[in-house]
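The block underneath contains the structure these notes are about, expressed in structure tokens.
The values are calculated or read from the model by the stated rules, or taken from the named source; none is laboratory data. The structure displayed is predicted, hence computed values, not measured ones. Counting neighbours? That spans all protein chains shown, and the Cβs are built from the backbone with ideal geometry, glycine included. Quick note on the areas: whole protein, heavy atoms, side chains included, nothing else; ligands and nucleic acids left out. Shrake-Rupley method; radii C 1.70, N 1.55, O 1.52, S 1.80 Å.
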Amino acid sequence: MCKAMSTIGAEPPGECTIAGSLTCGRASFLRWKVTGFSGLPIVLLCIHVLGLIGNAVWHSPVFGERERLSAGYYHWRTLDFRKNPGNPPLNDLIAAAPVLLFARSHSQEVYLDKVLDPKELLTYVFLGRLALIPFSVLGGWICYSWSRELYGRRGGLLALVLWCFDPLILAHGALITGDLCATSLGITSARAFWLWMRKPTMGNSVISGVALGAALLAKYIWVILPPLFLLLWIARRFASPRPVRWPFPSQIIVMCLLMIYVINLGYAFQGTLQPWGTFQFQSPGLQQFAVDPKHPESGAGSWPREIPIPLPQQYIFGIDAIADHLRLAPIETYVHGEFFDTNVWYFYVYGLLVKMPLGTWLILLLAIWDWLTTKTLPAATRELSRPENFAAHQTEATELPGIRFTDGWWTALVFWLPALTVLVFVSSVTTIKLLRYLLPMLPFIFVWVGRTTVWAQQGGRVRNMVLWVLTGWTTLSSLYVYPHSLSYFNEAAGGPSNGDSHLIRASFDWGQDMLFLKDWVSSHQDATPLYVFCLNVSDPEQFEIHSQPIPQNGPEPGWYALSASILRGFQRQRLVSGSDVSNGSQYPALFLDETPVGHAGYSIRIYHLDCHQANAMRTRLGLDAIPCSEQSAAGNRRPGS
């Protein structure tokens with residue numbers, strides 16, 4: 001029998017725990033033993049899946065979902081990956097798989113808009129969302145298993161709770177936009193590489209190569225992983241006071257070959273092994289390495305023009321498209337009530353401050369404080385986090401006199417280097433700011449803060465109570481807003497009712513609440529005329545919302561359904577296309593001074609204007625008043641008035 005290292009969680013003696021499985025010489029990627037309260041991870045993941053299904057059912061398509069679904073369907077039918085070049089195809093292929101399974105009557109058509117009518121498209125958006133939910137389950141499981149390996153069962157459960165109830169995870173885990181898929185595969189790849197560093201065997205190198213290839217197929221941001229892994233491996237060698245054995249070259253070769261194979265498999269091996277000289281790049285950064293087609297015999301690209309590139313041509317072009325996009329002028333960014341035409345470098349930090357639950361923030365700050373001040377941790381945790389023990393599988397915890405190796409800088413580097421690299425990279429991008437781009441850093445934080453459970457157990461009942469309260473705060477804060485997780489803002493920011501004063505668009509109002517508007521209209525049949533102007537991707541008629549466009553020549557009596565982004569001034573130029581009223585485009589912002597009579601979710605507010613209120617607003621705009629009669633005023637009264 002192997003002797004378990006873990007002293008956390010009181011595993012039965014004589015059995016190998018997940019924390020000690022590698023020490024016992026049996027590396028396991030997803031090993032789990034159902035004993036005691038170990039069934040809780042399954043319960044939490046089931047609750048998480050139900051929450052994702054609810055979000056998938058109750059929310060209308062958001063920006064990008066229809067395009068991703070259409071691209072995936074096109075990829076399946078044609079094996080042509082030029083559609084949606086800014087994203088690798090893995091997410092889109094999986095989301096579009098239900099269309100292939102159930103839309104058989106149009107087997108020869110390659111354009112999804114011609115295959116499905118608008119109502120059918122809504123159904124397949126929902127099915128595409130369901131097809132991607134397993135990625136969120138995978139991400140939660142990796143958080144649990146990794147944190148449990150380091151900090152025991154309680155650490156794993158804490159990481160899993162933070163994943164399962166985080167509003168950003170709940171919101172984007174039920175969308176086709178690809179961010180959650182990339183997030184889960186990124187942490188999975190890091191976990192696999194961690195296992196290979198701890199035990200460099202051929203089996204672990206195979207797992208690491210496949211996981212890394214899958215992450216690179218999910219989102220281009222993960223091109224940072226190979227250099228990050230190299231840095232971590234180098235840091236491990238320099239950090240260890242003992243000699244660290246070099247891995248067999250065959251393992252590294254197998255890892256790289258499998259990574260390349262998986263990427264090519266995702267593109268059906270289309271355009272692979274093309275000579276470097278055939279690539280015509282658009283971005284200045286890559287153009288300097290390309291061959292000038294007018295002078296192929298000269299320049300920096302002359303000597304390697306015949307070298308074949310072992311990656312799909314469209315994958316290389318996708319990276320080029322992203323690089324070319326980064327040099328464009330910044331798109332208008334809204335932060336804390338103001339629009340900026342320049343790069344708002346603090347956008348993502350500010351977004352985390354107002355969008356991450358306060359309970360999670362306090363747990364994170366507690367983990368940082370404990371990391372900075374703690375001298376020792378239990379033997380299992382201390383030994384697991386020492387880089388020299390990655391290759392030395394001891395069964396006894398030992399001390400190294402004079403060396404302060406705790407769960408300190410090495411483990412922190414493993415998690416914070418990828419997280420901060422993602423933060424710095426997306427913050428440096430000047431073109432567009434969307435908080436969902438920050439999702440890939442979250443699971444690294446969730447795993448690492450599992451260390452607070454060790455702090456709690458060492459401090460007795462009071463510390464345990466503090467951690468319980470903070471975890472419960474995060475959970476209840478998220479569930480209180482559910483199913484409107486996309487519009488979540490924490491209590492310090494004023495909650496979702498005040499969210500649009502901080503951020504708009506994809507961080508709050510992304511077209512997700514049209515089905516809630518449909519429910520409101522169904523229960524208010526006499527709310528006519530109804531003017532709808534929302535940041536939505538579909539015509540309101542597709543949701544059986546009978547409405548009119550907002551009047552272009554200034555406000556008129558009636559009912560107005562306006563999304564928060566419109567109220568705050570986003571895309572205001574679309575209001576008066578062809579209108580000769582110069583200031584008519586500003587009048588939706590005046591509704592912020594009015595009290596809404598209803599809401600559809602948190603992102604759509606419903607207002608009622610009678611004739612006198614409409615004229616008062618027109619006077620503020622410098623527009624002519626419209627005639628008011630008692631009959632017209634009576635016809636526009638609120639129901640029940």
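Could you give the length gained by full extension between Ile368 and Gln525, i.e. 0.36 nm per residue of separation minus their alpha carbon distance, to one decimal place?
Numbers: separation 157, 0.36 × 157 = 56.52 nm, distance 5.45 nm.
So the chain would gain 51.1 nm between Ile368 and Gln525.
On each of the three principal axes of the Cα atoms of segment 135-243, give max minus min coordinate, whole Å, ordered largest first.
Reported extents, whole Å, longest axis first: 46, 33, 23.
Under 14 Å from a point placed 7 Å out from the Cα of Leu265 along the Cα-to-Cβ direction: which residues of segment 178-220 have their backbone N that close?
The answer is 206-218.
At what distance in nm do the modelled label points of Val57 and Gln613 sit from each other, each positioned 7 Å from its Cα along Cα→Cβ?
Result: 3.4 nm between the two label points.
For labels at Glu491 and Thr278 in the simple 7 Å Cα→Cβ model, what's the distance in nm?
Label-label distance for Glu491 and Thr278, simple model: 6.1 nm.
Mind giving me the FRET efficiency for Asn464 and Gln552? R0 is 35 Å, r the Cβ-Cβ distance, nearest 0.05 is fine. Don't skip to the end; give the middle numbers.
Numbers: r = 61 Å, r/R0 = 1.75.
Calculated value: 0.05.
How large, in percent, is the carbon and sulfur part of the accessible surface of segment 401-544 at a probe radius of 1.4 Å? Working shown, then result.
On the way: 3350 of 5280 Å².
So the carbon and sulfur contribution to the accessible surface is 63 percent.
Solvent-accessible area per residue for segment 56-211 at a 1.4 Å probe radius, Å²? Write down the numbers at each step before the final one.
Numbers: 4600 Å² over 156 residues.
Here the residues of segment 56-211 average 29 Å² of exposed surface.
How far apart, in nanometres, would the label points at Phe102 and Ile432 be if each is projected 7 angstrom from Cα along the Cα-to-Cβ direction?
Computed distance between label sites Phe102 and Ile432 equals 2.8 nm.
Name the long-range amide H neighbours of Gln548: under 5 Å, sequence gap of 5 or more, or other chain; modelled H, no Pro or chain starts.
Result for Gln548 returns Leu530, Tyr531, Val532.
Using only the alpha-carbon atoms of segment 109-165, report the extent along each of the three principal axes, biggest first, to the nearest angstrom.
For segment 109-165, the Cα extents along the three principal axes come out at 53, 20, 9 Å.
Short version: ³J(HN,Hα) in whole Hz for each residue of segment 69-77, in order, from phi by Karplus 6.51 cos²θ - 1.76 cosθ + 1.60 (θ = phi - 60°), x for Gly and Pro, what are they?
With coefficients 6.51, -1.76 and 1.60, one gets 5, 5, 5, x, 5, 5, 4, 4, 6 Hz.
Using a 1.4 Å probe over the heavy atoms of the protein chains, calculate the carbon and sulfur portion of the accessible area of segment 148-259 as a whole percent.
On the way: 2500 of 3130 Å².
Accessible surface attributable to carbon and sulfur in segment 148-259 totals 80 percent.
Using the heavy atoms of the protein chains alone and a 1.4 angstrom probe, what is the accessible area of segment 439-560 per residue in square angstrom? Mind dumping the intermediate values first?
Working: 4540 Å² over 122 residues.
So segment 439-560 comes to 37 Å² accessible per residue, rounded to a whole number.
5 Å is the cut-off here: which amide hydrogens, built 1.01 Å from N in the peptide plane, fall below it relative to Thr272, excluding neighbours closer than 5 in sequence?
Correct list: Gln313.
Let's test the formula: R0 of 45 Å, r as the Cβ-Cβ distance of Leu590 and Tyr480. What FRET efficiency results, to the nearest 0.05? Before the final figure, lay out the partial values.
Working: r = 31 Å, r/R0 = 0.69.
With R0 = 45 Å, the Cβ-Cβ based efficiency is 0.90.
From the phi of every residue in segment 587-596, what ³J(HN,Hα) in whole Hz does the Karplus formula 6.51 cos²θ - 1.76 cosθ + 1.60 yield, where θ is phi - 60° and glycine or proline is x?
6, x, 5, 5, 5, 4, 7, 9, 8, x
So what are the ³J(HN,Hα) numbers for segment 177-190, from phi and the Karplus equation (6.51, -1.76, 1.60; θ = phi - 60°), rounded to whole Hz, Gly and Pro as x?
For segment 177-190, the Karplus curve yields 6, x, 5, 6, 4, 5, 4, 5, 6, x, 5, 5, 5, 5 Hz.
Amide H of Ser283: which non-local residues (sequence gap of 5 or more, or other chain) have their own amide H closer than 5 Å, using H built in the peptide plane?
Asp324
May I ask you to derive the FRET efficiency for Glu544 and Asp113 from their Cβ-Cβ distance with R0 = 22 Å, giving the value to the nearest 0.05? Walk me through the numbers on the way to the answer.
Values: r = 20 Å, r/R0 = 0.91.
About 0.65, to the nearest 0.05.
From the cross-link list Lys355/Lys433; Lys114/Lys219; Lys119/Lys518; Lys119/Lys219; Lys119/Lys355, which pairs have alpha carbons spaced over 23 Å apart? Present the calculation step by step, with values, prior to reporting the outcome.
Numbers: Lys355/Lys433 15 Å; Lys114/Lys219 28 Å; Lys119/Lys518 14 Å; Lys119/Lys219 29 Å; Lys119/Lys355 33 Å.
Going by Cα-Cα distance, Lys114/Lys219; Lys119/Lys219; Lys119/Lys355 fall outside the 23 Å limit.
Average projected area of the Cα convex hull of segment 469-574, in nm²? Mind dumping the intermediate values first?
Numbers: hull surface 31.1 nm².
Seen from a random direction, the Cα hull of segment 469-574 projects 7.8 nm² on average.
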